[in-house]
Structures are given as C-alpha cells and as structure tokens.
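**Q** This is the structure, below, for whatever I ask next.
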Amino acid sequence: MGVVLYGGAFDPPHVGHVAVADAARRRFGAEKIVILVSAQPAHREIQTSADDRLALARAAFPRDDVRLDPYPRTVELLRAERFDDPVFVVGADQFAAFLGWAEPEEVLERATLAVATRRGFPREELDAVLAQLSRPDRVVFLDIEPNPAASTNVRAGSTPDDVPPAVAKLIEERGLYVRGSGLH
C-alpha cells in the first residue's frame, strides 16, 4: 500500500480520531499518515476556522503530516493531487453514506478506502453499500475498539477526556467551543 490519507473536518479532533489513525498506521505499516483537514467540508457545517482546526489537528496528530485540504470533495482532492497508491481512511458512518459522495466510483478508481468499523455499527449497512460498488475489492475494513468520543460532544462543552491533552489545552487557550459551561 502507498500513502495513507485521513481526512475530515476535525471540528475538533478527538481521541476516537486518533484511535482510527493509529489503527490505520498499524494495518498499513505507515510511519506517517497524511492528515487532511477539510477547509470547507461539503457534507457538514463547521464551527471553527480552518486555521484553528488545522492547529488542533497538528496538536492531535503530532507525528503525522497535517495539511489543509482545500477541496470540498474527496474526488477533487484525488484528481488534483498525486498520491502514490493512496489509501483513504473513513469512518463507518461516512462509508454508509458513500454512495451519496460526489463520484464514488471514481474515488475507488483513484484510492483504496479503509473503513474504520467498530462493534455496534450495523455491518449490514456497510455490506449494502459494498454490494452496490463496481470495485468492492478497493474497500478494506479496519476493526477498531468502540470509543464514545464525538466532536459534537466536545462542541457542546463535554469534558476534556474526549480530546488529547494537547488539543484540550489549545481549545482552552483559543477559547474554542465555549457555550455556557465550555470545555472544563
């Protein structure tokens, strides 16, 4: 396998994101992963600036190559950039919605998808997507331990245990995600 890519809004990056990156690193023997922080995600609204999310991702993934991804859609990134035999890591929830992505078949022509799965996520949802793809051989599954951390919880002011300590520190220093109780 070639370069491992892991993209997302990372609004903010949490311990679950780090666990997915670690699982991909182990599975593919990657010393470094390219972490792609989406500047303007096409699929969701974001609460913080691209610069803040980039800084948070660099704090969460200190040993990886963390970059800003200027392309709203994965297929645009894969067309514009030249990666050596890329493996693109996504969560099970994102793969469940993969057929709604912009040009999913072209994504599979340009990259292998590594889908992070966890106990409790309905496998039949993933199998239903897989059955509709012309290149199911370009999809591999990464089993990860369930993790309750979610960016939504952090944005709502959950405890800093959901994020790596360096991310919690940066969130506090920059005054991010503070609504009422904040991240305390």
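The values are calculated or read from the model by the stated rules, or taken from the named source; none is laboratory data. As the structure is a computational prediction, the values presented were derived from the model and not from experiment. No Cβ is skipped: glycine too gets one built from the backbone with ideal geometry, and neighbour counts run over all protein chains shown.
**Q** Out of the residues in segment 96-108 that are loosely packed, with under 15 Cβ neighbours inside 10 Å and closer than 14 Å to L77 by Cβ, state the one that is farthest from the chain's Cα centre (by Cα).
**A** The extreme case among them is E106.
**Q** Here is a list of conditions, (1) within 21 Å of R138 (Cα to Cα); (2) assigned to a strand (DSSP E or B); (3) aliphatic (A, V, I, L, M), and V37 meets all of them except one; can you say which number that is?
**A** The failed condition is (1).
**Q** Which residue out of V87, V20 is in contact with a helix residue (DSSP H, G or I) (Cβ under 7 Å, 6 or more places away or on another chain) and either β-branched (V, I, T) or at pLDDT below 95 (or both)?
**A** V87
**Q** What are the residues in segment 45-63 that are closer than 13 Å to G8 by Cβ, at pLDDT 95 or above and not in a helix (DSSP H, G or I), if any?
**A** The answer is F61, and nothing else.
Okay, residues lined up against (1) of a type in the set (A, V, I, L, M, F, W, C); (2) touching a strand residue (DSSP E or B) at 6+ places or on another chain (Cβ under 6 Å):
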{"site": "F95", "(1), (2)": "yes, yes"}
{"site": "F98", "(1), (2)": "yes, no"}
{"site": "W101", "(1), (2)": "yes, no"}
{"site": "R123", "(1), (2)": "no, no"}
{"site": "V129", "(1), (2)": "yes, no"}
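**Q** Turning to a different aspect of this structure: Out of the residues in segment 34-82 meeting the condition of being among the hydroxyl-bearing types (S, T, Y) and out of contact with any Leu (no Cβ under 6 Å at 6 or more places or on another chain), tell me which one is farthest from A21 (Cα to Cα).
**A** Checking each candidate, the answer is S49.
**Q** Which condition does D127 not pass, out of (1) outside any loop (DSSP other than H, G, I, E, B); (2) within 18 Å of L5 (Cα to Cα); (3) not hydroxyl-bearing (S, T, Y), if it passes all the others?
**A** (2)
**Q** For segment 62-81, indicate whether the set of residues that are within 16 Å of the chain's Cα centre (by Cα), surrounded by 18 or more Cβ atoms within 10 Å (Cβ to Cβ) and closer than 20 Å to P164 by Cα is non-empty.
**A** Checking segment 62-81: at least one residue is within 16 Å of the chain's Cα centre (by Cα), surrounded by 18 or more Cβ atoms within 10 Å (Cβ to Cβ) and closer than 20 Å to P164 by Cα.
Listed here are the residues, each with its yes/no results for (1) farther than 20 Å from A21 by Cβ; (2) of a type outside the set (D, E, K, R); (3) modelled with pLDDT of 85 or more.
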position	(1), (2), (3)
G91	no, yes, yes
E106	yes, no, yes
T117	no, yes, yes
F121	no, yes, no
A128	yes, yes, yes
D137	yes, no, yes
D143	no, no, yes
A156	yes, yes, no
G175	yes, yes, yes
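**Q** Next question. Looking at R53, R44, can you tell me which residue is surrounded by fewer than 19 Cβ atoms within 10 Å (Cβ to Cβ) and basic (K, R)?
**A** R44
**Q** Report yes if A59 is of a type outside the set (S, T, N, Q) and over 29 Å from P122 (Cβ atoms), otherwise no.
**A** Yes; evaluated as a whole, the condition is true for this residue.
**Q** Moving on to the next point. With respect to A42, determine if the residue is within 20 Å of D162 (Cβ to Cβ) and touching a residue at least 60 places away in the same chain (Cβ under 8 Å).
**A** No, not satisfied.
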